[in-house]
1. Could you list, in their original order, any pairs among 84/107; 92/140; 50/128 whose Cα atoms are separated by more than 24 Å?
2. Expressed as a rounded percentage, what relative contact order does region 15-57 have, with Cα pairs under 8 Å and six or more residues apart?
3. Do the alpha carbons of any pairs in 53/124; 77/126; 54/124 sit beyond 24 Å of each other, and which pairs?
4. Percent relative contact order of region 76-168, based on C-alpha pairs within less than 8 angstrom and at least six residues apart?
5. Once label points are set 7 Å from the Cα along Cα→Cβ at both residue 20 and residue 103, what is their separation, rounded to one decimal in nm?
6. Go through region 49-58 residue by residue and turn each phi into a ³J(HN,Hα) via Karplus (6.51, -1.76, 1.60, θ = phi - 60°); whole Hz please, and just put x for glycine and proline.
7. Please list 3J(HN,Hα) in residue order for region 109-125, calculated via the Karplus relation 6.51 cos²θ - 1.76 cosθ + 1.60 where θ = phi - 60°; whole Hz, with x for glycine and proline.
8. Stretch residue 90-residue 156 to full length: gain in nm at 0.36 nm per residue minus the Cα-Cα span?
Amino acid sequence: MGMYNLGAINCDDNYDICEKEGVTEFPVFRIYPQFPLQTQDLKDDNFNMKRLKKRASKFIQDKVIEITAVNHDTFIKDNPGKAKVLLFTDKKGVPTIYKALSYNFEKTLFFGIVRPEETNLVKKYKAKNYPSIYLVQPGKKPLKFNDDMNYYSIANFINIHSEIFDFGDAPEAELKSAASKPWMSEKLPQLSQQSAKDICFGKKGLC
C-alpha cells in the first residue's frame, strides 16, 4: 500500500467499465477521492505524473494531531496498545507523505506533529535536526527514524518497530486519540460538559 493506488483502463477492451464511469474523452485521468467528495477528471494532454500526484495530494485526508506540551502525555498514554509516531518539523502545515501515512495507518497507529516552538518536547526527544521522526510506545525508549525521508522507508520503519502490519485488511473500527480533542491542546481550556472530565474531574489533585 503506497500513497496512491494507480491503475489504467483500455476503453477499447473494457467498454462497459468506461461507459459506466461516463468516460467519453481520451486520454483522461480520474481521481477518486475519499467519499463523499466527487471524482475529479484531468483532461490536459500535457499532464505528467508529477502534476498528477500534486493534484491528487489535495485529496489526502489528514489524521495528524498537533502535539504540544499540553496534550503530549495524553497522546502518548492514551490507547497504550498502539504505537505513536511523532514528526518534528520546522515547516508550516503537514507534509503530504505524513498525511498519507496517518490516513493509511489510521486503524492501528496515531500520528502527531511537533513544532520548534515546543522547546520542552524538542529537548525531551533530542530532536536536533528537522525533520525528525520518532516511534513511541509507553514504557519504551523512543526510536528515531534514520533512513531516507520517503513514504516507503518510513512505512517500513513503522511496521518493523511497532510490530503492527496494516495492509488494508485491519478491522474497520477507527481509533481516536483523546489528545485530538480541541481542549487538550489549549493552554487555558474552557471547562464544559464535554471537557470537564479531561480537564478537571478525571484528574487527581486540586482543580
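Every read-out reported here was derived from the displayed coordinates using simple, explicitly stated rules and does not represent laboratory data. These numbers were taken from a predicted model, which means no experiment stands behind them. Reconstructed Cβ throughout: ideal geometry from the backbone, glycine too, with neighbour counts over all protein chains shown.
1. Among 84/107; 92/140; 50/128, the Cα-Cα distance tops 24 Å for 92/140; 50/128.
2. 28 percent
3. Where the Cα-Cα span goes over 24 Å, the pairs concerned are 53/124; 54/124.
4. Values: 113 pairs, mean separation 31.7, N = 93.
With pairs under 8 Å counted, the relative contact order is 34 percent.
5. Here the modelled spin labels are 2.4 nm apart.
6. Taking θ as phi minus 60°, the curve returns 4, 4, 5, 5, 5, 4, 5, 5, 4, 5 Hz for region 49-58.
7. Each residue's phi maps through the Karplus curve to give 9, 10, 10, x, 10, 10, 9, x, 5, 7, 4, 5, 6, 4, 5, 4, 8 Hz.
8. On the way: separation 66, 0.36 × 66 = 23.76 nm, distance 2.39 nm.
Computed gain between residue 90 and residue 156 is 21.4 nm.
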